[in-house]
Amino acid sequence: MNKEHRYQLIMKWTGNTGSGTAGYQGYDRCYTIYSEDKAVIYGSSDAAFRGDKSKYNPEELLVASLSSCHMLWYLHLCAESGIIVTDYIDHAKGVMVETANGGGRFKEVILNPVVTVKTVDMIDRAARLHHQANALCFIANSVNFPVIHKSQIKQSQ
């Protein structure tokens with residue numbers, strides 16, 4: 001049986017500087033993302049596309065979605081397997097290439113999680129679970145480019 005889940009949010013463009021989109025350079029690329037009872041996310045396009053570099057852009061949010069989905073599945077699998085994770089940090093990176101028509105696409109996303117486990121005997125088992133987490137990740141299963149994992153597993157100090 002397939003279960004269907006629905007997600008909704010509000011995306012609001014906040015970049016009208018007075019004349020709307022009357023000219024390409026006359027409006028900001030800023031927007032807010034919000035949903036009931038959640039913090040507002042302030043976004044913009046990438047600075048390379050006239051955006052505000054102090055705000056998250058859609059490309060960063062895609063990389064964050066892949067990283068967080070992988071982490072949540074990984075932690076779930078570790079908990080089920082008796083592996084005690086005490087710390088997890090990922091320095092995720094995405095590579096997007098522009099196309100001749102002005103569009104673009106992601107070439108790859110590389111996840112670089114550094115996972116700390118409680119005891120040394122958990123390291124090998126913890127390392128093997130990254131593959132399974134990727135196979136279960138809803139977001140990784142939805143993209144048409146490779147999601148690569150370069151994990152490091154270490155013991156708590």
| message | Take Ala126 and tell me if it is surrounded by 15 or more Cβ atoms within 10 Å (Cβ to Cβ) and either of a type in the set (Gly, Ala, Ser) or out of contact with any helix residue (DSSP H, G or I) (no Cβ under 6 Å at 6 or more places or on another chain) (or both). | response | yes
| query | If you check Glu80 against the conditions, is it in the same structural domain as Val115 (by TED's automatic domain parsing), surrounded by fewer than 16 Cβ atoms within 10 Å (Cβ to Cβ) and not polar (S, T, N, Q)? | reply | yes
| Quick one: Asn134 ticks every box in (1) touching a residue at least 60 places away in the same chain (Cβ under 8 Å); (2) of a type outside the set (Ser, Thr, Tyr); (3) exposed (fewer than 12 other Cβ atoms within 10 Å of the Cβ) bar one, so which box is it? | (3)
| said: Considering only region 24-45, I want to know if a residue exists there that is aliphatic (A, V, I, L, M), exposed (fewer than 12 other Cβ atoms within 10 Å of the Cβ) and more than 18 Å from the chain's Cα centre (by Cα). | reply: no
| remark: When every residue in region 57-74 that is buried (at least 16 other Cβ atoms within 10 Å of the Cβ) and among the hydroxyl-bearing types (Ser, Thr, Tyr) is compared, the one nearest to Trp13 (Cα to Cα) is Ser65
| Lone qualifier among Ser65, Ser44 - being of a type outside the set (A, V, I, L, M) and in the same structural domain as Asn112 (by TED's automatic domain parsing) | Ser65
| task | Would you check which residues across region 86-103 are touching a Phe, Trp or Tyr at 6+ places or on another chain (Cβ under 6 Å) and without any contact (Cβ under 8 Å) to a residue 24 or more places away in the chain and list them? | result | none
| said: Cβ-Cβ under 7 Å, sequence separation 6+ or interchain: first residue in region 104-123 and more than 30 Å from Asp46 (Cα to Cα), partner among the basic types (Lys, Arg). Which pairs? | reply: Thr116/Lys154
| Is one or more of the residues making up region 89-100 basic (Lys, Arg) and either crowded, with 16+ Cβ neighbours inside 10 Å or in a strand (DSSP E or B) (or both)? | yes
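The values are calculated or read from the model by the stated rules, or taken from the named source; none is laboratory data. Everything numeric here is computed off the predicted structure, so don't read it as measured data. Virtual Cβ from ideal backbone geometry, glycine too; neighbours counted across all protein chains shown.
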